[in-house]
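Since the structure comes first, as structure tokens, the remarks are kept for the end.
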Amino acid sequence: MRNLFRALICLVGVLMLTEIQAQPWTYDFGTGTGSYATASGVSTTLFTGTPSGGGTYRVRCATTGNLGTGFVLANPGTTLGTGTELQINASITSSTNIFGVYDWTSPSTVGYYKMKVRTTATATAQLAFAIGTNTAASATTGYTNNYANHLGVFWIAYTGGAISSVNRRNAGATTAITGSGLAKDTDQIIEVYANNGASSTTYSKGGTSYTLLTQTWDLWVDGIKVSPANGWAKAASLAAGTNLSGIAVYAETSSTNNGFVYIDDLEYSNSLPACTAPTTQASSVTSANITTSGLDVNWTNGSGAGRVVKMNTSNSF
């Protein structure tokens, strides 16, 4: 007991762990309104107040007769969030309406994005979400023409006004995602964590560490992990080591322009969230009520969110 007490007094293992995000960018679309609906047109000025270093924000419209209302900044919009939201009307053909963000500062082989999303349709529509290269995010063609530029891509298929399937591209083939949790006319949060590096890596979420093997990605919907352990395989032929530098939302193949996707509160990063030691460690370790079978240990918390207590009888850690 004396040795145990001595170990506790010498304790430097009361660590405070905290989850950090090295460089996230956020964008809530502000409070203004506006629209863009020019056939085969591209605009990089529809959005104002985009984050410094966060890259180019761009919309691209489908061809004449296909684009519908294109892109609308609405305030108020749906119940998705406060302030302004982006409303994307799905084009009639695969000549798609695309919202992309790309060429942010210091791209790397890992990254993530998170956004509030609401989708709807009264007939058919294809609504796709992707992370990959800047080429995919600045494309002029639909998501099926950009598989080679995506690490991870999934899409919601509407048929007869209901979600008929949720699919992903998997090593060059289309694979159904079962139990995705994605729903029509529902305010939801989607998160994608991606690793296009040549080796596995980890990210932290909610205090838990998750592994992504080389060239894999994870999907979360409303805080629930949809993908399996170690992530889903890459979409197609993207080379390992290629930087992830673009995210995109594609809205297309919508009969009579009946399909819509609404977006708000975008967050993305050129790194993955990780756990690290805090700037202020725990201090003032004290003990009381010492008996032959136990004692009470107290300390002053540091700047982290969790605590780990280590002890032994040899005073060596």
Report summary line: Sorted by chain and number, the residues with a modelled amide H under 5 Å from that of ALA90, at a separation of 5 or more or across chains, are GLY259, PHE260, VAL261
**Report entry** For the range 262-292 versus the range 125-154, the gap between their alpha-carbon centres in whole angstrom
**Finding:** 35 Å
Report summary line: In whole percent, the Cα-Cα distances of the range 167-317 spread across 10 Å bins from 0 upward as 8, 27, 27, 16, 13, 7, 2, 0
Query raised in the report: Considering lysine pairs in the chain that are 8 or more places apart or on different chains, how many have Cα atoms under 21 Å apart?
Result: 10
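In µm²/s, what is D for the range 70-197 at 4 °C and 1.567 mPa s, where D = kT/(6 pi eta Rh) by Stokes-Einstein and Rh is the Kirkwood radius from Cα pairs?
82 µm²/s
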Query raised in the report: Share of the chain's accessible area from carbon and sulfur, percent, 1.4 Å?
Result: 51 percent
Requested in this report: Could you tell me the distance between the Cα centroids of the range 195-251 and the range 83-118, to the nearest Å?
Outcome: 17 Å
Query raised in the report: Once phi is turned into ³J(HN,Hα) by the Karplus curve 6.51 cos²θ - 1.76 cosθ + 1.60 with θ = phi - 60°, what whole-Hz value does each residue of the range 99-105 show in order, with x for glycine and proline?
Result: 10, x, 10, 7, 6, 6, 5
Requested in this report: Would you please classify the overall shape of the range 187-226 from the alpha carbon gyration tensor, given that a ≥ b ≥ c denote the square roots of the eigenvalues, rounded means a/c under 1.5, and beyond that prolate means a/b larger than b/c while oblate covers the rest?
Outcome: oblate
Report task. Give the accessible surface of the chain per residue, rounded to a whole number of Å², with probe radius 1.4 Å and ligands, DNA and RNA excluded. Result -> 41 Å²
Report task. Assign one of three labels to the range 211-256, namely rounded, prolate or oblate, based on the Cα gyration tensor with a ≥ b ≥ c the square roots of its eigenvalues; rounded applies when a/c is under 1.5, prolate when it is not and a/b is larger than b/c, and oblate otherwise. Result -> oblate
Query raised in the report: Among THR216, ALA240, ASN289, whose Cα sits farthest toward the positive end of the charge dipole of the chain (+1 at Cβ of Lys/Arg, -1 at Cβ of Asp/Glu, about the Cα centre)?
Result: ASN289
**Report entry** Hz values of 3J(HN,Hα) by residue in the range 218-225 - Karplus curve (6.51, -1.76, 1.60), Gly and Pro given as x
**Finding:** 10, 10, 10, 10, 6, x, 10, 6
Report summary line: Given unit charges at Cβ for Lys, Arg (+) and Asp, Glu (-), the dipole magnitude of the chain about its Cα centre in debye, nearest 20, is 680 debye
Report task. First select every other residue whose beta carbon is under 14 angstrom from the beta carbon of THR26; then total the charges, Lys and Arg +1, Asp and Glu -1. Result -> -3
Query raised in the report: So between SER287 and THR159, what do we pick up on full extension, going 0.36 nm a residue minus the alpha carbon distance?
Result: 39.5 nm
Report task. Please give the contour-minus-distance gain from THR208 to ALA240: 0.36 nm per residue of separation, less the Cα-Cα distance, rounded to one decimal in nm. Result -> 8.9 nm
Query - Using a Förster distance of 22 Å, the FRET efficiency for ILE189-THR93 (Cβ separation, nearest 0.05) - result: 0.15
Query raised in the report: Using 0.36 nm per residue, how much length does the chain from ASN75 to THR31 gain when fully extended, once their Cα-Cα distance is taken away?
Result: 15.2 nm
Query - Gyration tensor (alpha-carbon) shape descriptor, the range 34-88, a/c threshold 1.5 - result: oblate
Requested in this report: Count charges around ASP218 for me, please; just the other residues with Cβ under 13 Å from its Cβ, Lys/Arg as +1, Asp/Glu as -1.
Outcome: +4
Query - Structure-based [θ]222 nm, the chain - -39500 (n - 2.57) summed over DSSP H runs of at least 4, per residue, nearest 500 - result: -1000 deg cm²/dmol
Requested in this report: Determine the dipole magnitude for the range 132-237: charges of +1 sit on the beta-carbon of Lys and Arg, -1 on that of Asp and Glu, nothing else is charged, the reference point is the Cα centre, and the result goes in debye to the nearest 20.
Outcome: 260 debye
Query raised in the report: Given the convex hull over the Cα atoms of the chain, what projected area results after averaging over all orientations, in nm²?
Result: 19.0 nm²
Query raised in the report: Along the range 110-119, what does the Karplus equation 6.51 cos²θ - 1.76 cosθ + 1.60 (θ = phi - 60°) give for ³J(HN,Hα), rounded to whole Hz, x for Gly and Pro?
Result: 10, x, 8, 9, 9, 7, 7, 9, 9, 10
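The values are calculated or read from the model by the stated rules, or taken from the named source; none is laboratory data. Remember, predicted model here, so these are calculated numbers, not experimental data. FYI the Cβ positions are ideal-geometry reconstructions off the backbone, even for glycines, and counts take in every protein chain you see. Side chains are part of the model used for accessible areas, which takes the heavy atoms of the whole protein and leaves out ligands, DNA and RNA. Shrake-Rupley method; radii C 1.70, N 1.55, O 1.52, S 1.80 Å.
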